[in-house]
1. Please list 89-95, 46-52 highest first by mean number of surrounding beta-carbon atoms within 10 Å per residue.
2. Using only the alpha-carbon atoms, how far is helix 265-275 inclined from the longest principal axis of the chain? Give it as 0 to 90 degrees, nearest 10.
3. Using Cα pairs under 8 angstrom and six or more residues apart, how large is the relative contact order of the chain, in percent?
4. To the nearest 20 debye, what is the magnitude of the charge dipole of the range 212-386 about its Cα centre, counting +1 on the Cβ of each Lys and Arg and -1 on the Cβ of each Asp and Glu?
5. With charges only on Cβ, +1 for K and R and -1 for D and E, what is the dipole size of the chain about its Cα centre, in debye, rounded to 20?
6. Through the Karplus equation 6.51 cos²θ - 1.76 cosθ + 1.60, θ set to phi - 60°, convert the phi angles of the range 206-213 into ³J(HN,Hα) values in whole Hz; use x for Gly and Pro.
7. Which of 315, 298, 282 sits closest to the plus end of the dipole of the range 278-325, meaning its Cα is farthest towards the positive end, when Lys and Arg get +1 and Asp and Glu get -1 on the C-beta?
8. Taking the Cβ-Cβ separation of residue 168 and residue 83 as r and a Förster radius of 30 Å, what is the calculated FRET efficiency to the nearest 0.05?
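FYI, it's all coordinate maths here, none of it is from the lab. Note that the structure is a prediction, hence the values are computed from the model and not measured. Cβ coordinates were reconstructed from backbone atoms using ideal geometry, including for glycine residues, and neighbour counts include every protein chain displayed.
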Amino acid sequence: MHILIFCHYYPPEVNAPAARISELAKAWVAEGHRVTVITSAPNHPSGVLYPGYKNKFFQSHMLDGVEVVRVWTFLAPNAGFARRIGNYLSYMITGLMAVPRIDRPDVIISTSPQFFCGLAGLGARWMRRVPWVFEVRDLWPESIVSVGAMKKGKSIKFLEWLERQAYRQADRVVSVTDSFVPHIMKRRGRDDVIVIKNGVNLDLFHKGKDGEATKARFGLEGRIVAAYVGTHGMAHGLDTVLDAAALLADEPDIGFLLVGDGAERTWLETRAEELGLVNLHIAGQLPRDEMPEVWSATDISLIVLKKSDTFKSVLPSKMFEAMAMECPIVLGVEGEAQALLEEAGAGLAITPENARELANAVRKLVIEPNKRAKFGANGLAHARENYDRSKQAARYLRLLKEVAQ
């Protein structure tokens, strides 16, 4: 079977869509299938090309047995809504232009965010007359209104109309959370939405590396480290982490680490300097193959979003990596993510955007190492049972075979 995938992001980019799609693709290749991914030249989140890559209209190479087709896009950082829309639209257009140059697939997958990547799958379905699976990772345009990037109006109404068309035209819709399902079903008009949540590569993410060298690299040696690993974006409310670090500034055994990049990183660096936070280090973006070392240096995982009803339906993918690394979680996300955390018994939940609660939760885990160990063991067991990426890949493949018949 030939599987064609539209995914705006792909390794060496390190965000959640890149990780999910690349690991699924490699698993399907290992089962004897052909996989082609249409993506952009790597530039996320800075909008600057990674070394060794060119932003050309069509370039193809093999990566881990997967045929990766990279198309030209209008490069833009993950900041500034208008430029990002230009980036998204250009990917959809050039991605569709690449379709005739690729052998006819048996099935197409397109994944969001961003939403126009999802729409590329609809266009390719019309062009090649093959089944299309729409994978929904975020509720566009609802989420962009929630973070204040756009206000309700004619543009949002048009995007909502496109959203309904995509859900209705797809041969199958895959959601990455249970909470998305009612929203999708209402607009799709059918109750056939499949949930395949995010997961973790247990071969890559496992405890064992010595974290002290990584702590020393970031000037946090000898401390219990509470780390946030992920996008530094408008939705994440990372000023809460800075405020919690300020509250714990007089406790020399506690340190904070931020790893990643995004629209808010420069502001966060400025703010941390203003607060004089010697107990906090902002590392910037690191390669994905360094993430197990970062997690080994992480004693407490911080997973936070802004307080919004929209984010009650979100399952941050970093939860699964933290659980695989036996790392207790302090979670500032309500809804489905909190329910998962409590089911797993893998950490403490706090009110989103509440710095004092965050500081208190970190302090509690610092002074109770047995509780940290228990939460870590519980998380690993839950991840092995429910979020092993290899098991998810097998389930997804069965769905694709069914759709392609």
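1. With the highest mean Cβ count within 10 Å placed first, the list reads 89-95, 46-52.
2. 10
3. The value is 14 percent.
4. Around 220 debye, computed over the range 212-386.
5. Working: 50 positive and 47 negative charges, 367 e Å.
For this selection, approximately 1760 debye.
6. For the range 206-213, the Karplus curve yields 7, 5, x, 6, 7, x, 5, 5 Hz.
7. Ranked along the dipole, the leading option is 315.
8. Details: r = 30 Å, r/R0 = 1.01.
The pair residue 168/residue 83 has a calculated efficiency of 0.50.
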